[in-house]
1. Residues to consider are N124, N151; find the one that is buried (at least 17 other Cβ atoms within 10 Å of the Cβ), within 16 Å of the ligand (Cβ to nearest atom) and part of a helix (DSSP H, G or I).
2. Is one or more of the residues making up region 239-261 over 27 Å from I138 (Cβ atoms) and polar (S, T, N, Q)?
3. Filter region 91-121 down to residues that are farther than 13 Å from G325 by Cβ and part of a loop (DSSP other than H, G, I, E, B) and give me whichever is nearest to the ligand (Cβ to nearest atom).
4. Mind counting the residues in region 252-291 that are touching a strand residue (DSSP E or B) at 6+ places or on another chain (Cβ under 6 Å), assigned to a loop (DSSP other than H, G, I, E, B) and more than 19 Å from P426 (Cα to Cα)?
5. Is there a residue being touching a residue at least 12 places away in the same chain (Cβ under 8 Å), among the polar types (S, T, N, Q), in a loop (DSSP other than H, G, I, E, B) and within 21 Å of P296 (Cβ to Cβ) anywhere in region 51-62?
6. Test G120 against the criterion of being under 18 Å from the mean Cα position of the chain (by Cα), at pLDDT 95 or above and under 22 Å from F317 (Cα atoms), and give yes or no.
7. Would you pick out the residues in region 107-161 that are of a type in the set (V, I, T) and farther than 29 Å from V334 by Cα?
8. Check F22, F18 and return the single one that is under 20 Å from the mean Cα position of the chain (by Cα) and exposed (fewer than 14 other Cβ atoms within 10 Å of the Cβ).
Amino acid sequence: MTTTRTTKQWQEADSKHFLHPFTDHQALAAKGARIVERAQGVYVWDTDGNKILDAMSGLWCVNVGYGQRELIDAATRQLETLPFYNAFFNTSTPPAIELAELLTEVAPEGFRHFFFSSSGSESNDTNVRMVRRYWDLIGQPQRQVIIGRNNGYHGSTMAGASLSGMSGMHAQGGLPIPNIVHVEQPHWYELGRDMTPEAFGLKAAQTLEAKILEIGADKVAAFIGEPVQGAGGVIVPPSTYWPEIQRICRKHGILLISDEVICGFGRTGHWFGCQTFGVQPDLITFAKGVTSGYVPLGGVMVGERVAKVLIEQGGDFNHGYTYSGHPVACAVAVANIRLIQRLKLVEHVRDDVGPYLASRFEELRDHPLVGDTQTCGLMGAVQMVKDKASGTPFDGDLAVGMICRAHCFANGLVMRAVGDRMIVAPPLVITRAEIDELVTKARKCLDLTLADVK
Ligand code: PLP
């Protein structure tokens, strides 16, 4: 243990001074935070010395796992050489240039230009400004509306939270901002079990076309979606969904933004989720996995259609952040991408641990609490239901997901609960033996949850 205070002392100081994201502080003060103080590989340790399998990669980000020496050395070297310089006013830095160059190797075909930020939320704010600037420049300034999806997640800034389709977020702070609307999510188990997944995928996608026609295609700037909805509960769309979205966007000339903050950098078994689903977006949002979360970095990959107009006709794009192209973050991203390449982690997910997680999750379907499981690469979900045969959900007030999450923590496993859906996204370096440990612990926690609720 490396801690300098007792857990209780950390908890007291924490609840006195630290306002946490997405947290009820009364509830937190009553329980005390779990204080995580170190990590290695796929495990974290708390201040009581408990070793916990981190099946959420921190917050969907630690793709290469914890403690990777190359990333630590890259950050240290860059901090010693040049801890900061900006990219405004005709200046640049070697790490930012190297990162942009390296991204051309791993980005989907046609992506040759990259704008940097420090987070996914900022990157989606950039997207809103960039697509509106694009339409302005080509003489269609009335194209202002951006269409997202119910239960999508695109961040927590004013634009990010507006693009997100989370009612709990919209209820606070007067959101969404104008000209952002939402359509149906492709959540077959919740919304479409009266038809085949394929038929439902088409139906869900066609809500986009209906919305475009309602608004008028000449007013719509872009559609944004996550290839697999992450924060919404690891909702893997039916195979028919994305091709239909692509068709509709093309038919109406609308820009397609693939928000790959979670799906990017190997998570789905390809470098990017749009490749897993065979879609060619115009813009790609990235963050998290680009540095494996070791330092903050995000950005937008800008496809040729938009880049050409911005560069050749745009003049100044009056937009940017102090930390756009931060040299330490970019140096870590370069080391991280080279490590993903060297360890062949994308192939590891696609050919080995992704299919293995899928088969082990399918085994959980025999559990009395489990109505459905889904996986895509190294993302997985276990849907808990009150009645397995009919798929009837539990009463929300029972907070069954929270009960299960607490059992997971107490038994050395981080799984997240979205409603009654337990989700995982472990580091891409995870082994089959570690997946066995994950699934064994998950089953035990399902048993404990069942004993509590039945
Ligand atoms: N977009 C997606 C798909 C995300 O999952 C997230 C965060 O989880 C964001 C955007 C926001 O990223 P950040 O929290 O880095 O601002």
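1. Numbers: N151 fails: part of a helix (DSSP H, G or I).
Only one candidate passes the filter, namely N124.
2. Taking region 239-261 as the starting set, the residues that turn out to be over 27 Å from I138 (Cβ atoms) are 239-241, 261.
Imposing the further condition that a residue be polar (S, T, N, Q) reduces the set to 239-240.
Yes, region 239-261 contains at least one residue that is over 27 Å from I138 (Cβ atoms) and polar (S, T, N, Q).
3. The extreme case among them is S119.
4. Counting residues in region 252-291 that are touching a strand residue (DSSP E or B) at 6+ places or on another chain (Cβ under 6 Å), assigned to a loop (DSSP other than H, G, I, E, B) and more than 19 Å from P426 (Cα to Cα) gives 3.
5. Filtering region 51-62 for residues touching a residue at least 12 places away in the same chain (Cβ under 8 Å) gives 51-62.
Restricting the remaining residues to those that are among the polar types (S, T, N, Q) gives 57.
Checking the rest, the ones that are also in a loop (DSSP other than H, G, I, E, B) come to none.
No: zero hits.
6. On the way: under 18 Å from the mean Cα position of the chain (by Cα): yes; at pLDDT 95 or above: yes; under 22 Å from F317 (Cα atoms): yes.
When the stated conditions are applied, G120 passes them.
7. So in region 107-161, the residues of a type in the set (V, I, T) come out as 126, 128, 131, 138, 145-147, 157.
Residues satisfying the conditions are I138, V145, I146, I147.
8. Testing whether each residue is under 20 Å from the mean Cα position of the chain (by Cα) and exposed (fewer than 14 other Cβ atoms within 10 Å of the Cβ) leaves just F22.
The values are calculated or read from the model by the stated rules, or taken from the named source; none is laboratory data. Here the structure is a predicted model, which means the values were calculated and not measured. FYI the Cβ positions are ideal-geometry reconstructions off the backbone, even for glycines, and counts take in every protein chain you see.
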